[in-house]
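Beneath this line is the structure, given in structure tokens, with notes to follow.
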Amino acid sequence: MVFQRLIRAFELHLMERIIRSLFRFSAQYFQRLTPGDLIQALRHDVMQLRMSIAGFGEIVFSLVSAISLITTAVWLSPQLSFWSFCIMPLSTMPIVYFAKRIQNQSFAVRHMSSTFYSFILELITGIRVIKAYQAEERETAITVGTAAKHFKQLIEQTRLTVLGNCLMEMLTSVSVIIVLVAGSVQIMRGTLQW
């Protein structure tokens, strides 16, 4: 609860700093950026940073847990631990592959989100012109097409994330099974005390 309040305060402070820094730039600076880029930076990027900071707390907790589990495993069976820790790095190769694909898709989604937000803002600010020229159908078709591309990229990013998580869980399960089988063999041979 306290950690969430700290993160929320950090997010609001960061948004305030971004808004204050925006007022320092000249009008020419804003002509180079699209409104979608600004919205992306003000809201989405700050939100992603908040999620990253929350994830950092989870990483610290997981690291402490991993160190204690590794220490216990080495204490119980150094030989079994050695083979377990040789197998684990090999199992991370597919995870690294998916992480790279997710990162590339994230950049594509960010670009498409910026484009989509810019288009929506232009649509809203130019609604009088659109109505005057009776271009509602044309603009609707363009907006729906842009939204479809944006949605497709979001779905692809989610698909890659889910596949990566599934692969990670599967590799973890297989690693546990291998350790259990190897430990059981050691127990049957009498080289590992139960």
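The values are calculated or read from the model by the stated rules, or taken from the named source; none is laboratory data. Just so you know, these numbers come straight off a predicted model, no measurement behind them. Reconstructed Cβ throughout: ideal geometry from the backbone, glycine too, with neighbour counts over all protein chains shown. When the accessible area is computed, the model is the full protein with side chains, heavy atoms only, and any ligands, DNA or RNA have been set aside. Shrake-Rupley method; radii C 1.70, N 1.55, O 1.52, S 1.80 Å.
Among (1) more than 30 Å from residue 11 (Cβ to Cβ); (2) aliphatic (A, V, I, L, M); (3) touching a residue at least 12 places away in the same chain (Cβ under 8 Å), which single condition is residue 129 missing? For residue 129, the failing item is (3).
Taking the criterion of being within 21 Å of residue 174 (Cβ to Cβ), modelled with pLDDT of 75 or more and open to solvent by 70 Å² or more (accessible area, probe 1.4 Å), the residues of the stretch 75-89 that qualify are 76, 79, 82, 85. Note on the stretch 1-27: residues that are among the polar types (S, T, N, Q) and over 15 Å from residue 47 (Cβ atoms) amount to 2. Just one of the numbered conditions (1) within 20 Å of the chain's Cα centre (by Cα); (2) closer than 30 Å to residue 188 by Cα is not true of residue 83: (1).
Residues that are free of Cβ contacts under 8 Å to residues at least 40 places away in the same chain and under 24 Å from residue 43 (Cβ atoms): does the stretch 106-116 have at least one? Looking through the stretch 106-116, at least one residue is free of Cβ contacts under 8 Å to residues at least 40 places away in the same chain and under 24 Å from residue 43 (Cβ atoms).
Within the span defined as the stretch 24-38, one or more residues are open to solvent by 100 Å² or more (accessible area, probe 1.4 Å), outside any helix (DSSP H, G or I) and modelled with pLDDT of 80 or more.
Evaluated against (1) within 18 Å of residue 86 (Cα to Cα); (2) touching a Lys or Arg at 6+ places or on another chain (Cβ under 6 Å), residue 175 falls short on exactly one condition, (2).
Only a single item in (1) open to solvent by 60 Å² or more (accessible area, probe 1.4 Å); (2) in contact with a Gly (Cβ under 9 Å, 6 or more places away or on another chain) is not met by residue 61, and it is number (2). Scanning the stretch 53-77 for residues that are of a type outside the set (Ser, Thr, Tyr) and either in contact with a Pro (Cβ under 8 Å, 6 or more places away or on another chain) or closer than 16 Å to residue 176 by Cα (or both) yields a count of 6. Of all residues in the stretch 172-194, those that are of a type in the set (A, V, I, L, M, F, W, C) have Cβ atoms under 6 Å from Cβ atoms of residues that are open to solvent by 100 Å² or more (accessible area, probe 1.4 Å), 6 or more apart or on another chain, in 187/194.
Checked against the criteria, residue 67 counts as at pLDDT 80 or above, of a type in the set (A, V, I, L, M) and closer than 30 Å to residue 189 by Cα. Scanning the stretch 134-160 for residues being closer than 13 Å to residue 36 by Cβ and within 20 Å of the chain's Cα centre (by Cα) gives a total of 1. Of all residues assigned to the stretch 98-110, none qualifies as being of a type in the set (Phe, Trp, Tyr) and over 29 Å from residue 49 (Cα atoms). Only one entry of 70, 53, 59 meets the criterion of being in a helix (DSSP H, G or I), of a type in the set (Val, Ile, Thr) and within 23 Å of residue 162 (Cβ to Cβ), and that entry is 59. When the stretch 88-133 is filtered for residues that are closer than 20 Å to residue 38 by Cα and among the aliphatic types (A, V, I, L, M), the ones remaining, listed by number, are 108, 109, 112, 120, 121, 123, 124.
Counting only helices (runs of 4 or more DSSP H) that sit wholly inside the stretch 90-194, those with at least 3 residues that are open to solvent by less than 60 Å² (accessible area, probe 1.4 Å) are 93-125, 136-189.
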